[in-house]
Amino acid sequence: MSTDWAEVYRTTFADLVRFLYRKVWDEERARDLAQEVFVRALDHDPEDERAWLFTVASNLARDEARTAIRRKRHLTLLKAETEAVATLVKEDPVDRIDREAQAAAARRALDELSERDRDVLLMWDAGLSYTEIAKQTGLALGAIGTTLSRARRRLATAYGAKEGRDVARG
């Protein structure tokens, strides 16, 4: 049975980009990686297309992280470029600072999670079903809800610590 990749693309691309963005923290790179996932998909006919796409995306993001370590010397250039773009954008500086601080705290909180917790949480947020998450992670289907609940609690606790409050308790 042949896969209708156009339909899979229409229904999955945005979720895949969101998943990848939270892995690489660069929207343009996340879009590029999502495109690469679909290019690779054209040579395959997996049984569960969505789970297969997220597995490939996770592997590409992991490879991307390894590459990012090698690119560390370019961070100064990227920072200067980001600051130049920020000056072009007409945004209230206080709002921008607050938004950037919240985004940075969320990133740090996600980075504190174990890879398994982060992956399960990001896959769920990207719209994957418990069955799809179980297939990709190798966890038992019955363990997904528990893992997800614990990952959410750990994320809230880590975020609260970054913000100086106990988010898990309110």
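Before moving on, here are some points about what is shown:
- Under the Karplus curve 6.51 cos²θ - 1.76 cosθ + 1.60, θ = phi - 60°, whole-Hz ³J(HN,Hα) for region 42-51, x wherever Gly or Pro sits: 4, 8, 10, 9, x, 5, 10, 4, 4, 4
- Nitroxide proxy distance, nm - points 7 Å out along Cα→Cβ at residue 106 and residue 161: 2.0 nm
- Segment residue 47-residue 11, length gained on full extension (0.36 nm per residue, minus Cα span): 11.3 nm
Quick note: the coordinates plus some simple rules give every number you see, no bench work behind them. Here the structure is a predicted model, which is why all the values come from computation and not from measurement. Backbone-built Cβ (ideal geometry, glycine too); neighbour counts: all protein chains shown.
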